[in-house]
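**Q** Would you mind keeping the following structure in view while I ask a few things?
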Amino acid sequence: MKKSMSPQCGRCESKECRDGKDCFSQTPRHRPLYYNDVAKLHQAASAVEAKHYCKETRLGEIILFAKELGYQRIGLAFCIGLSEEARIIENILSKHFEVISVCCKVSGIDKKDFGLQRISLVKPEVMCNPAGQAQLLNEAETQLNVVCGLCVGHDAIFAQLSEAPVTTLIVKDRVLAHNPASAIYCQYIRRQFD
């Protein structure tokens with residue numbers, strides 16, 4: 001059995017790949033990955049990057065990306081904690097596409113049904129249902145699904161089960177006002193990880 005590589009690109013100081021260096025001699029293996037159904041997505045992503053580099057917000061880029069692909073039906077999988085944000089996003093996206101939105105608590109399944117840990121033992125808790133969100137959007141035949149604040153892990157379940165490509169607009173971070181990158185930029189927060 002061939003030993004798999006363990007790239008550590010995050011530790012690389014030079015990033016010579018930017019200049020075309022194939023540090024791991026993987027170009028022959030990686031090129032074919034872009035000749036299948038990924039090719040259309042990759043071409044659209046590259047077109048948006050080239051035409052709108054540093055000119056558009058992420059929301060703007062999502063709209064441009066979907067238009068580049070000729071998509072008409074967009075799914076919005078959102079966390080109930082970001083309902084207001086989801087309403088605004090849906091209003092904006094609806095100017096360009098048919099939008100099907102699904103809340104994380106869809107179907108109202110009690111956590112007890114699966115023996116899940118609860119935040120509060122006093123009142124009943126409905127579980128997040130990312131598999132159900134994906135199923136409903138699959139049935140609606142969305143062409144691109146946008147994630148808005150799904151919990152860590154729930155976003156992974158949703159992405160795994162979604163038949164349409166998935167992109168993320170908002171990443172949930174309850175402590176840092178949905179800006180998880182600030183944990184990296186702020187030395188005081190970084191100290192928590194030492």
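Laboratory data are not the source of any read-out in this text; all were calculated from the coordinates shown. As the structure is a prediction and not an experimental result, all values here were calculated from the model. Here Cβ is always computed from backbone atoms with ideal geometry, including for glycine, and neighbour counts include all displayed protein chains.
**Q** What residue among I62, I119, I88 has the largest mean-square fluctuation in a Gaussian network model of the chain, using Cα springs under 10 Å?
**A** Comparing I62, I119, I88 in a Gaussian network model of the chain, the most mobile one is I119.
**Q** Now a separate question. On full extension of the chain, what length is gained from D22 through A131, given 0.36 nm per residue of separation minus the C-alpha to C-alpha distance?
**A** Roughly 35.4 nm would be gained on extension.
**Q** Suppose R0 equals 22 Å; then what is the FRET efficiency for D110 and E139 from their Cβ-Cβ distance, rounded to the nearest 0.05?
**A** The calculated FRET efficiency here is 0.40.
**Q** If you line up the Cα atoms of the chain on their principal axes, what length do they span on each, largest first, in Å?
**A** If we take the Cα atoms of the chain, the spans are 57, 46, 41 Å.
**Q** Extending each Cα 7 Å along its Cβ direction at C54 and H42, get the distance between those two points in nm, one decimal.
**A** With each label placed 7 Å out from Cα toward Cβ, I get 2.6 nm.
**Q** If you place +1 on the Cβ of every Lys and Arg and -1 on the Cβ of every Asp and Glu, how big does the dipole about the Cα centre of the chain come out, in debye to the nearest 20?
**A** 540 debye
**Q** What's the local net charge at V99, with K and R +1, D and E -1, over the other residues with C-beta under 12 Å away?
**A** My count for the surroundings of V99 gives +1.
**Q** If you don't mind, there's one more thing I want to ask. Considering only the other residues whose Cβ falls under 15 Å of the Cβ of I170, what net charge follows from Lys and Arg at +1 and Asp and Glu at -1?
**A** Combined, the nearby Lys, Arg, Asp and Glu give -2.
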